Amino acid sequence: MMNLSLIIPCFNESDNIAEMREQISGIRPELELRGPFELVLVDDGSSDDTFTRLSVAFADWDNVTIVQHEHNRGLGAALRTGFAHARGEIVVTTDSDGTYPFTTIPALLDLLRPGIDIVTASPYHPDGGVDGVPAYRLLFSKGASFMYRVLLDPRLHTYTAMYRAYRREVIERCPTTSDGFLMVTELLVGALLEGYRVAEHPATLRVRRYGQSKARVWQITRSHLRFQAQVLRRRLATLGRQPRRARGAS
């Protein structure tokens with residue numbers, strides 16, 4: 001089994017692929033020092049030449065899997081496809097557009113110490129930050145994370161970042177159903193409710209260098225509101241019960 005799987009979903013990211021390869025190449029030796037390493041790339045039905053460029057850019061790499069959806073299915077579906085092809089004991093998911101630099105992956109992994117099951121990037125942590133991100137995106141994202149802090153654990157500042165490291169057990173035992181952006185929050189919330197422990201990696205969220213964001217803010221906001229209502233009902237229904245493991249963020 002691989003020690004580490006790096007999963008990167010891609011949708012119309014043709015302009016980002018050269019930079020992505022360069023940054024991952026820079027940290028590849030350090031990742032391989034930690035044990036066997038594989039890269040899983042999921043082209044989520046791009047309408048540009050993303051799949052072709054991925055195939056060319058990583059043609060000379062060992063342990064690379066490139067999967068292509070026939071049509072665009074959404075971020076959540078792309079991540080589940082990546083999970084299905086990943087063999088690592090540790091699974092890292094990150095954005096293809098470099099909003100969180102690939103070069104910070106080793107620092108993220110350093111926080112996955114014994115007793116920690118997930119490490120999540122956290123721009124809303126007091127030591128995190130944002131750089132050039134449009135105000136409307138921050139309003140949506142910070143507002144959603146605030147509501148999850150009220151519902152779940154106020155010690156965890158960011159619930160919406162896709163950039164994370166997971167122990168394989170979390171992915172296997174916390175199923176998700178959302179095909180869209182909500183899925184990353186759904187997975188984190190499910191893990192917290194099951195008692196898995198989460199650490200935050202204070203990070204800087206940067207505006208993407210190429211292309212445009214794929215996020216549809218109002219659609220995502222509605223999905224979070226519906227999911228938050230489900231979480232509240234679940235919390236009320238299970239009030240007083242003890243989870244399998246010690247609950248909370250660290």
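The table that follows gives values for the structure above.
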{"item": "Selection from the range 116-143 of residues that are surrounded by 14 or more Cβ atoms within 10 Å (Cβ to Cβ), of a type in the set (Gly, Ala, Ser) and closer than 20 Å to Val189 by Cα", "result": "Ala121, Ser122, Ser141"}
{"item": "Residue in the range 152-173 that is modelled with pLDDT under 95, surrounded by 13 or more Cβ atoms within 10 Å (Cβ to Cβ), within 29 Å of Ala107 (Cα to Cα) and small (Gly, Ala, Ser) present", "result": "no"}
{"item": "Conditions (1) closer than 23 Å to Ser178 by Cα; (2) under 13 Å from the mean Cα position of the chain (by Cα); number of the one not met by Leu108", "result": "(1)"}
{"item": "Conditions (1) at pLDDT below 95; (2) over 25 Å from Gly195 (Cα atoms); number of the one not met by Ser141", "result": "(2)"}
{"item": "Residues located in the range 4-22, provided they are over 20 Å from Gln68 (Cα atoms) and over 18 Å from the mean Cα position of the chain (by Cα)", "result": "Glu19, Glu22"}
{"item": "Candidate set: the range 1-27, residues that are over 17 Å from Gly82 (Cα atoms) and of a type in the set (Ser, Thr, Tyr); chosen: the one least open to solvent (accessible area, probe 1.4 Å)", "result": "Ser14"}
{"item": "Matching residues, the range 96-108, being buried (at least 19 other Cβ atoms within 10 Å of the Cβ), touching a helix residue (DSSP H, G or I) at 6+ places or on another chain (Cβ under 9 Å) and not small (Gly, Ala, Ser)", "result": "Asp97, Tyr100, Phe102, Ile105"}
{"item": "Within the range 23-40, tally of residues that are outside any helix (DSSP H, G or I), at negative phi and over 20 Å from the mean Cα position of the chain (by Cα)", "result": "2"}
{"item": "Selected residue (only one of Glu38, Glu30 is closer than 22 Å to Arg168 by Cα and either among the polar types (S, T, N, Q) or open to solvent by 50 Å² or more (accessible area, probe 1.4 Å) (or both))", "result": "Glu30"}
{"item": "Looking only at the range 155-188, and only at residues there that are over 23 Å from Leu225 (Cβ atoms) and of a type in the set (A, V, I, L, M, F, W, C), the one that is nearest to the chain's Cα centre (by Cα)", "result": "Ala165"}
{"item": "Matching residues, the range 41-86, being in a loop (DSSP other than H, G, I, E, B), buried (at least 20 other Cβ atoms within 10 Å of the Cβ) and touching a residue at least 40 places away in the same chain (Cβ under 8 Å)", "result": "Gly74, Ala86"}
{"item": "Looking only at the range 182-197, and only at residues there that are touching a Ser or Thr at 6+ places or on another chain (Cβ under 9 Å) and buried (at least 24 other Cβ atoms within 10 Å of the Cβ), the one that is farthest from Ile118 (Cα to Cα)", "result": "Leu182"}
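To keep it simple, each residue is scored yes or no on (1) of a type outside the set (Ser, Thr, Tyr); (2) closer than 25 Å to Phe11 by Cβ.
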residue	(1), (2)
Val91	yes, yes
Asp97	yes, yes
Thr104	no, yes
Pro123	yes, yes
Gly129	yes, no
Leu151	yes, no
Leu156	yes, no
Arg167	yes, no
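The values are calculated or read from the model by the stated rules, or taken from the named source; none is laboratory data. These numbers come from a predicted model, not from an experiment. Here Cβ is always computed from backbone atoms with ideal geometry, including for glycine, and neighbour counts include all displayed protein chains. Only protein heavy atoms, including side chains, enter the accessible area calculation; ligands, DNA and RNA are left aside. Shrake-Rupley method; radii C 1.70, N 1.55, O 1.52, S 1.80 Å.
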